[in-house]
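For reference, the structure discussed in these notes is given below.
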Amino acid sequence: MDFVPFTLIDLVDIVLVATIMYWIYRVTRGTNAPYILSGIIVIYLLWVVVRTLNMELLSSILGQVISVGVIALIILFQPELRRFLQLIGMRQKHFNFISRIFSITEEDKHQINIAPIVTACRDMAATKTGALIVIRRESDLRLIEEGGIAIDAKTSVSLLKNIFFKNAPLHDGAVIVDGERIVAAKCILPVTQSEVPKDYGTRHRAAIGMSEISDAVIVVVSEETGGIAIAHDGQLRRDIEPARLQQTLSRYLVKEETPRKRKKGAE
């Protein structure tokens, strides 16, 4: 019997499939998805074997199960699929122009007023009041906002401290800040599935998860230690000195100049 032909394209095909499977595992790790996917793979392999043996009836039944299973998977893994696609979109920095086409792109439509955020975080850190503040940049956060309570009020120190006051009804969850306004409170953020230190609390994990699917800057005040942290682009920077919070936060929020702007400035 002749050997099965194996070409360079076959090698590339195998490597790509292995990479995609590993990536899916990384995204779904920590959930029940890997176990369900394992069952699906077993059923698929069984279908391949049955079809190879020309067992028509069993092959037809398994084929119908697999066909219906695709729709069931989309429904079952809807949150994971949305997070997966968002993660892909956020990582493709070179294609950000696509999102800009469908978004309002007025030149600095709104300036972010970080002064009340900085002051409120300093005060809450001093009293060990837990807080989770999402500062929107370009990503569309409407899905997150709709899951919370609409506020639509000008950002102020008093309002932030009242929202995150321990006995306040809105303290549990995140606040979304868009420009100079607080648009929503008590918002549920996606928790990261990446490996993080065990001492990270729910707020820190949620901040990292939110930064993985958007370009937002997330400020966290720990209820246990009073420490301040900032999450951005999937990374968390902890133990930020309150006195340097404004400077650090400003550095995260400054948008990179476009080549056209740099050239114009140089002229």
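The values are calculated or read from the model by the stated rules, or taken from the named source; none is laboratory data. No experiment lies behind these values; they were computed from the predicted model shown. When we count neighbours, we look across all protein chains shown, and the Cβ atoms used for this are built from the backbone with ideal geometry, even at glycine.
Quick check on the stretch 206-232: of everything there that is of a type outside the set (A, V, I, L, M) and under 11 Å from the mean Cα position of the chain (by Cα), which residue is nearest to R122 (Cα to Cα)? Outline the logic, then answer.
Taking the stretch 206-232 and keeping what is of a type outside the set (A, V, I, L, M), we get 209, 211-212, 214-215, 222-227, 232.
Next, from what is left, pick out any that are under 11 Å from the mean Cα position of the chain (by Cα): 209, 211-212, 214-215, 232.
Numbers: G209: 24, S211: 22, E212: 25, S214: 25, D215: 24, H232: 20 Å.
Looking at residues that are of a type outside the set (A, V, I, L, M) and under 11 Å from the mean Cα position of the chain (by Cα), I get H232.
Among residues belonging to the stretch 73-87 that are surrounded by fewer than 13 Cβ atoms within 10 Å (Cβ to Cβ) and aliphatic (A, V, I, L, M), point out the one that is modelled with the lowest pLDDT. Among those residues, the one meeting the criterion is L85. Among the residues of the stretch 192-211, those identified as of a type in the set (A, V, I, L, M, F, W, C) and assigned to a helix (DSSP H, G or I) are A206, A207, I208, M210. For V196, state whether it is within 15 Å of D233 (Cα to Cα) and crowded, with 17+ Cβ neighbours inside 10 Å. So V196 fails the test. For the stretch 199-226, a residue qualifies if it is more than 22 Å from E241 (Cα to Cα) and surrounded by 20 or more Cβ atoms within 10 Å (Cβ to Cβ), and the qualifying residues are G209, M210, E212, I213, S214.
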